[in-house]
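The values are calculated or read from the model by the stated rules, or taken from the named source; none is laboratory data. Not measured: the values here are computed from a predicted model. Every residue, glycine among them, receives a Cβ derived from its backbone with ideal geometry; neighbour counts consider all protein chains shown.
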6 protein chains.
Amino acid sequence: MSTYKPEESIEENERVKAVFDDIRKTRNSDFVNNMWYYIAFDEDLLERTWAEVKRVMAMPSEIDPLTKEMLYIAVSIANSCAYCVHSHTAAARAKGLTDGQHAEIIKIVALAAKTNHIANGLQIPTDEVFDKENS
Amino acid sequence: MSTYKPEESIEENERVKAVFDDIRKTRNSDFVNNMWYYIAFDEDLLERTWAEVKRVMAMPSEIDPLTKEMLYIAVSIANSCAYCVHSHTAAARAKGLTDGQHAEIIKIVALAAKTNHIANGLQIPTDEVFDKENS
Amino acid sequence: MSTYKPEESIEENERVKAVFDDIRKTRNSDFVNNMWYYIAFDEDLLERTWAEVKRVMAMPSEIDPLTKEMLYIAVSIANSCAYCVHSHTAAARAKGLTDGQHAEIIKIVALAAKTNHIANGLQIPTDEVFDKENS
Amino acid sequence: MSTYKPEESIEENERVKAVFDDIRKTRNSDFVNNMWYYIAFDEDLLERTWAEVKRVMAMPSEIDPLTKEMLYIAVSIANSCAYCVHSHTAAARAKGLTDGQHAEIIKIVALAAKTNHIANGLQIPTDEVFDKENS
Amino acid sequence: MSTYKPEESIEENERVKAVFDDIRKTRNSDFVNNMWYYIAFDEDLLERTWAEVKRVMAMPSEIDPLTKEMLYIAVSIANSCAYCVHSHTAAARAKGLTDGQHAEIIKIVALAAKTNHIANGLQIPTDEVFDKENS
Amino acid sequence: MSTYKPEESIEENERVKAVFDDIRKTRNSDFVNNMWYYIAFDEDLLERTWAEVKRVMAMPSEIDPLTKEMLYIAVSIANSCAYCVHSHTAAARAKGLTDGQHAEIIKIVALAAKTNHIANGLQIPTDEVFDKENS
């Protein structure tokens, strides 16, 4: 079920085709996942979302590609986005995520959620020493 | 403001003192942050929370210590836990987090939140190929 | 899957029938969506929820009907409620939502989620000028 | 800081005064907490919110008053509402919440958050036997 | 759909079998729900999660077993965890949850969510009297 | 408190100054709010965030400027972002938000949160008729 149904002929749109071609080239794979088909009804949404994903996730930077996917998974779990948990777990596996690392991500995310709720439950005041404002 | 006020004499409790001593030893620092003072009113809560944090975050494993803190920050942001964002950003800095990496975490977390909301907004169906159930 | 299964004969209950009839009349349609069938096992829950939805969403007020549905969609996305995203996107379409507006809602919600996570990630202090308390 | 500042003369409004008087009478206390002052700028919002809180929380029912406050605390923690965590922890204490029970709520909420994130992280499929739809 | 597929032979692993046997014995039932099958790929995750669930939820304490399940449901709803809502609603029913109590939980959780959003929307300042820090 | 402290001389950086100048020009005001000071430590984060906010929020489109701010507020409340609730409520007021509309936003957001939790609590199945996939 979805709130929008992509048309089969979506790639006949030149702007859509250009993005899809770049996705395939960047990932070195013919497969384009549903995310891109479902946002293609608005070319601006498609082009800008892909541009940001490519720049943040696919460009070389100080954080390595696998760690980036781990962070993406962590946020997607906390925000209850089933689609994103699936797609980025698959992406992480494609970048070398082992079963041991997968289990560890789950443990860290679960522990963080646990202490998040403890801190919010007791409304623990932030230690002055953590404040960069006055350091 | 908090919903519990730790007593000043909390470390006179032997079980509490044992945990605080282990925190100081494990971190090689005299400083014990508020989290532990505020949950010390229940020794069981204190002992078990510390045991889990120590095991998951401080023990050598397949994911390096700085990446663990990054994941913790990501979850804490998504769960809106101010205390945890502060304490784990400080912990990450102590483990070498650079300003460039900090900015990158923010960019990845922000992008993930963005596509989480896009996927949930359009209720994009998960691609069959992501399903491990039938692979 | 659901945690409660409505009985087929639910409308034989007079209080339930009265609410269902009012839903049909208010919406000028025979269709009653699942929300109402699933909460009908408790007449009080059914009557009061419908009364509030009717008052807030269907009564003339300072905010027009389509904008109300847009706001409902925005909250439902952020709260990860698949049912509500579906039902209120359908309701918005029935009230004239265009594809262009739909895409724009998604862009605004996604951008808000992005800056929500940036502000929470850096724990940006609120500008004094925004405070109505001291204005 | 707040996004609205209640006027000092707010109780000169008769509809507001009627609600405030009922709050004082129902709670058998002169104290009215900020929640009611801050929503009093809209009489309809004030009257209806109080009517619902009174009916759901203060009327005798199948769930006892202290358990109701516990549930309120649990939801408020998960939704990161600092105000509500504070006000309902105070309300629970007024209804007899012990330190031991407080610690236990925190442990249950924290454990639930932990397994919520585990289940969402692995996208664990719901067991058929839990489905009431086909039972 | 899931991001991990448990192997059929999972119980041939002795550590896994020991946990599954304890789950069956503790619950006095042969049925083991999916949660445990899906986290069994990591024995440590399985053993520690079960140990915590057993200790917090199954051991006699100041909060009765049915109330514990109610709290678990409340958090799981707020965190949008479909699996946990299903499994703990089933667990609550097995411990005697009536339809009337079920409806009441829904009403309390829904009201809490409502006032959580009101308080966050107006950024209502916490009353000084709720602060335990200065009491 | 914040996890980053902007340097006073931040506008001496030319890229930062260019963005700040454009913010002032676009808003026709000398005031630049904290959001931009706190993300200015990373020029890329600053430039791209502002470019997106300007494009989505300040450019003429199918949704009027005040409605856009209302949607932003709704998402920020649901995501518990205090900073964003404050800044976008101020922005909405600057664009003409009346007290009556403000109260109505709160009522709609609160009602949506309420039914979000009801639907998630009962795991209400989505009506087939809402599915665009098979329409």
If I filter segment E:110-129 for residues that are among the polar types (S, T, N, Q), surrounded by 24 or more Cβ atoms within 10 Å (Cβ to Cβ) and within 30 Å of residue D:127 (Cα to Cα), do I get at least one hit? no
Segment B:73-86, subset of a type in the set (Val, Ile, Thr) and within 7 Å of another protein chain (Cβ to nearest Cβ), residue surrounded by the most Cβ atoms within 10 Å (Cβ to Cβ): B:77
Read through the list (1) touching a His at 6+ places or on another chain (Cβ under 8 Å); (2) farther than 24 Å from residue D:3 by Cβ; (3) within 7 Å of chain F (Cβ to nearest Cβ); (4) of a type outside the set (Asp, Glu), then give the number of the only condition that residue C:89 fails. (3)
Restricting segment A:13-42 to residues that are among the β-branched types (Val, Ile, Thr) and closer than 16 Å to residue A:58 by Cα, the one farthest from the chain's Cα centre (by Cα) turns out to be A:19
What do you reckon, is residue B:30 under 23 Å from residue D:114 (Cβ atoms), touching a Lys or Arg at 6+ places or on another chain (Cβ under 9 Å) and of a type in the set (Asp, Glu)? no
Residue by residue through segment C:20-47, note down the ones that are part of a helix (DSSP H, G or I) and closer than 19 Å to residue E:106 by Cα. C:34, C:35, C:36, C:37, C:38, C:39, C:43, C:44, C:45, C:46, C:47
Can you name every residue in segment C:20-39 that is β-branched (Val, Ile, Thr), surrounded by fewer than 20 Cβ atoms within 10 Å (Cβ to Cβ) and either more than 15 Å from residue C:6 (Cβ to Cβ) or facing chain F (nearest Cβ under 7 Å) (or both)? C:26
Could you check segment C:75-128 and list, in sequence order, the residues that are under 22 Å from residue B:105 (Cα atoms) and among the charged types (D, E, K, R)? C:107, C:114
When you go through (1) within 14 Å of chain F (Cβ to nearest Cβ); (2) under 25 Å from residue C:55 (Cα atoms) one by one for residue D:57, which number turns out not to apply? (1)
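Matching residues to (1) of a type in the set (S, T, N, Q); (2) modelled with pLDDT of 95 or more:
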site: C:1; (1), (2): no, no
site: C:19; (1), (2): no, yes
site: C:36; (1), (2): no, yes
site: C:61; (1), (2): yes, yes
site: C:64; (1), (2): no, yes
site: C:67; (1), (2): yes, yes
site: C:79; (1), (2): yes, yes
What number goes with the only condition from (1) more than 8 Å from chain A (Cβ to nearest Cβ); (2) closer than 24 Å to residue A:120 by Cβ; (3) among the charged types (D, E, K, R) that residue B:132 does not pass? (2)
Flagged pairs (Cβ under 6 angstrom, 6 or more apart or on separate chains; first in segment D:97-120, within 25 Å of residue A:86 (Cβ to Cβ) and of a type in the set (A, V, I, L, M, F, W, C); second modelled with pLDDT of 95 or more and outside any helix (DSSP H, G or I)) are D:119/E:81
Of everything in segment C:65-96, what is touching a residue at least 24 places away in the same chain (Cβ under 8 Å) and of a type in the set (D, E, K, R)? Give them in sequence order. C:69, C:95
Can you name the number of the only condition in (1) surrounded by fewer than 19 Cβ atoms within 10 Å (Cβ to Cβ); (2) of a type outside the set (Val, Ile, Thr); (3) within 22 Å of the chain's Cα centre (by Cα) that residue F:70 fails? (1)
Select from segment B:1-14 the residues that are surrounded by 12 or more Cβ atoms within 10 Å (Cβ to Cβ), in a helix (DSSP H, G or I) and within 14 Å of another protein chain (Cβ to nearest Cβ) and list them in ascending order. B:10
Condition met for residue B:80 (assigned to a helix (DSSP H, G or I), outside the structural domain of residue B:11 (by TED's automatic domain parsing), under 17 Å from the mean Cα position of the chain (by Cα) and hydroxyl-bearing (Ser, Thr, Tyr)): no
May I ask you to say which residue of C:44, C:99 is of a type in the set (Asp, Glu), surrounded by fewer than 24 Cβ atoms within 10 Å (Cβ to Cβ) and assigned by TED's automatic domain parsing to the domain that holds residue C:23? C:44
Consider segment D:60-72. How many of its residues are farther than 18 Å from residue E:77 by Cα and facing chain E (nearest Cβ under 7 Å)? 3
